[in-house]
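Asks: Here's a structure for you.
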Amino acid sequence: MPRLGTEAGKAAPFILAPLAEQKRIADKLEAVLGRVDDCRARLDRVPALLKRFRQSVLAAATSGGLTEEWRDEEIDRATVPLRDAIKIIRTGPFGSSLHKADYVSGGTPIVNPMHITGGKIFPTDRMTVDKPTLKRLSDFKLSTGDVIIGRRGEMGRCAVITPVENGWLCGTGSMVLTPGATLCPEYLQIFLSSPATVNALEGESVGSTMVNLNQKILLDLEIFFPPLPEQQEIVSRVEVLFAMADRIEARLATAQKAVERLTPATLAKAFRGELVPQDPNDEAASALLERIRTTEVAKSKLKLTRKARTA
């Protein structure tokens, strides 16, 4: 379509409906697009609700509330310092041991906080190391069942190391925890990402420009420590509830795309004359235009007459 305001734009065809129909179209558009805006506003509130839902699930999971009716009440449960539940904790190599100059493409990935999102690890090809560097820093290699957590910036970013990440390298901004025999790695990941833990870490972490987590802060955390079978049941229930939230999130994305298509589709329908019924009793648009032209001609003649009188 030619740009408005240009000669081509002024000459472009324009479908003119009868005035009464224009008013019906405007009223209908106001009603329909108002409902579209309401729908969009409702959908925009869903992400915050899903976030609160996930946080509530994590809070219940790490306080025992999620398996309260499942557990055998005869078995003692305790809250213990995290240091009593893990076997090894390691902080990633110091910056003096791993420089940006050591990074290559296509090597073994490094896992820094930036690579941990939503409990999963997403490496970048530009942050990998070659075999000699990996051998030099072999003490920081990750193993299946470890839990890696970011110690800088946003607290609570953590993930369980799967066979895919086995042998990768812990970055300078991360720490690695190896659970003890009676601690399920997935349960540890749930605990480290729970709201109470995140709040505790944010309150205790130090750093002038970026919060920085150290081993003592982490090891001093108190963890609800049920028997291993209950931990595994908690993990299973969290996975089911999170999968449900993921499905809702996917449906939300589809609904939001559909809503964004409604406005242009409604406008297109309006200008095709399909939005409101047409009334044969309406004054024809051609008659309206003729009346406008007659009025403009009369105004022009009146102006010329006035000018002649004043000349």
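The values are calculated or read from the model by the stated rules, or taken from the named source; none is laboratory data. These numbers were taken from a predicted model, which means no experiment stands behind them. Here the Cβ positions follow ideal geometry from the backbone for every residue, glycine too, while neighbour counts run over all protein chains shown.
Asks: Please determine, by comparing only the residues of the range 201-244 that are modelled with pLDDT under 90 and among the small types (Gly, Ala, Ser), which one is surrounded by the fewest Cβ atoms within 10 Å (Cβ to Cβ).
Replies: 208
Asks: Exactly one condition in (1) under 25 Å from residue 248 (Cβ atoms); (2) assigned by TED's automatic domain parsing to the domain that holds residue 195 is not met by residue 67; state its number.
Replies: All conditions pass for residue 67, except number (2).
Matching residues to (1) part of a loop (DSSP other than H, G, I, E, B); (2) surrounded by 14 or more Cβ atoms within 10 Å (Cβ to Cβ); (3) not acidic (Asp, Glu):
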| residue | (1), (2), (3) |
| --- | --- |
| 5 | yes, no, yes |
| 23 | no, no, yes |
| 30 | no, no, no |
| 33 | no, yes, yes |
| 48 | no, no, yes |
| 71 | yes, yes, yes |
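Asks: Hey, another quick one. Condition first: at pLDDT below 95 and among the polar types (S, T, N, Q). Now tell me which residues in the range 150-173 satisfy that.
Replies: If the condition is that a residue be at pLDDT below 95 and among the polar types (S, T, N, Q), then 172 is the only one that fits.
Asks: Scan 104, 129, 57 and give me the residue that is surrounded by 17 or more Cβ atoms within 10 Å (Cβ to Cβ), over 26 Å from residue 225 (Cα atoms) and touching a residue at least 12 places away in the same chain (Cβ under 8 Å).
Replies: Going through 104, 129, 57 in turn, just one is surrounded by 17 or more Cβ atoms within 10 Å (Cβ to Cβ), over 26 Å from residue 225 (Cα atoms) and touching a residue at least 12 places away in the same chain (Cβ under 8 Å): 129.
Asks: Related question: Which is in contact with a Leu (Cβ under 7 Å, 6 or more places away or on another chain), under 30 Å from residue 191 (Cβ atoms) and at pLDDT 85 or above, of 36, 46?
Replies: 46
Asks: Of everything in the range 73-117 that's in contact with an Asp or Glu (Cβ under 9 Å, 6 or more places away or on another chain), of a type in the set (A, V, I, L, M) and not in a strand (DSSP E or B), which residue is modelled with the highest pLDDT?
Replies: Out of the qualifying residues, it is 82.
Asks: Taking the conditions exactly as written (part of a helix (DSSP H, G or I) and either hydroxyl-bearing (Ser, Thr, Tyr) or surrounded by fewer than 19 Cβ atoms within 10 Å (Cβ to Cβ) (or both)), does residue 262 satisfy them or not?
Replies: yes
Asks: Please state which of the following conditions residue 165 fails to meet, knowing it meets all the rest: (1) more than 13 Å from residue 110 (Cβ to Cβ); (2) in a loop (DSSP other than H, G, I, E, B); (3) within 26 Å of the chain's Cα centre (by Cα).
Replies: Going through the list (1) more than 13 Å from residue 110 (Cβ to Cβ); (2) in a loop (DSSP other than H, G, I, E, B); (3) within 26 Å of the chain's Cα centre (by Cα), residue 165 breaks only (1).
Asks: Would you confirm whether any residue within the range 270-292 is assigned to a helix (DSSP H, G or I), under 30 Å from residue 39 (Cα atoms) and modelled with pLDDT under 90?
Replies: Yes - at least one qualifying residue is present in the range 270-292.
Asks: In the range 78-97, which residue that is of a type in the set (Lys, Arg) and surrounded by 14 or more Cβ atoms within 10 Å (Cβ to Cβ) is farthest from residue 173 (Cα to Cα)?
Replies: Per the criteria, the residue is 83.
Asks: Out of 108, 133, 124, 117, report the one residue that is over 23 Å from residue 57 (Cα atoms) and in contact with a Lys or Arg (Cβ under 8 Å, 6 or more places away or on another chain).
Replies: 108
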